[in-house]
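J.: Dropping a structure here in structure tokens format, bear with me for questions.
The values are calculated or read from the model by the stated rules, or taken from the named source; none is laboratory data. Note that the coordinates shown come from a computational prediction; the quantities given were computed from them, not determined experimentally. No Cβ is skipped: glycine too gets one built from the backbone with ideal geometry, and neighbour counts run over all protein chains shown.
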Amino acid sequence: MKNFEFEHEGKKYWYSRSMAVVAAIYRYEKGNAYVLASKRGDKVPDFKGHWCMPCGYLDFDETLKEAAAREVFEETGFVIKPNRFELFYLNDEPKEDARQNITARFKAFVVNPQFHNLTARYSEKEVDYVKWVDIKYIDNYEWAFNHYDIIKEYIK
């Protein structure tokens, strides 16, 4: 399908490939490394019950780092400032993703993480559970998308 113009509420937009973000948030505690992850709930279109790092799509009028911070809060209740993220990979290869998303992967390292409004996030049923997963045990989880590979790459 080629890009095309459409109108919505009096404004003209272009239908094209979507921009996605993945937020890999890591922390260290007593020599162990952890990644922030959530178990996908019933209202997601795919990978129900699988684990993933916070991820989603860029909204209008926001930067990629703002999108990553927003997705982290929406999916986990964890508040992180956009400037804490470092871009570590940009995938624009259409053959790697059936949806042909362009994906920006960000990473951040945090100390003493604070969660806010966590129960409100669960009520949307897009997320069933949030936790810090010890990287030593990532093989014990079923991961959505290619998030297992992203974490394994980080371990290297």
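J.: Please list, ordered by residue number, the strands (runs of 3 or more DSSP E) wholly in the stretch 5-51 having 2 or more residues that are within 16 Å of Asn146 (Cα to Cα).
T.: It comes to 19-29, 32-40.
J.: Taking the criterion of being buried (at least 18 other Cβ atoms within 10 Å of the Cβ), in contact with a Ser or Thr (Cβ under 7 Å, 6 or more places away or on another chain) and of a type outside the set (A, V, I, L, M, F, W, C), would at least one residue in the stretch 37-59 satisfy it?
T.: Taking every residue of the stretch 37-59 in turn, at least one turns out to be buried (at least 18 other Cβ atoms within 10 Å of the Cβ), in contact with a Ser or Thr (Cβ under 7 Å, 6 or more places away or on another chain) and of a type outside the set (A, V, I, L, M, F, W, C).
J.: When you check Glu74 against the structure, is it part of a helix (DSSP H, G or I) and either at pLDDT below 95 or β-branched (Val, Ile, Thr) (or both), yes or no?
T.: Yes; evaluated as a whole, the condition is true for this residue.
J.: Report the residue count in the stretch 52-71 for those that are outside any helix (DSSP H, G or I) and within 18 Å of Ala144 (Cβ to Cβ).
T.: 6
J.: Oh, and also: How many residues does the stretch 14-61 contain that are in contact (Cβ under 8 Å) with a residue 60 or more places away in the chain and either under 20 Å from Glu153 (Cβ atoms) or under 11 Å from the mean Cα position of the chain (by Cα) (or both)?
T.: Within the stretch 14-61, residues that are in contact (Cβ under 8 Å) with a residue 60 or more places away in the chain and either under 20 Å from Glu153 (Cβ atoms) or under 11 Å from the mean Cα position of the chain (by Cα) (or both) number 22.
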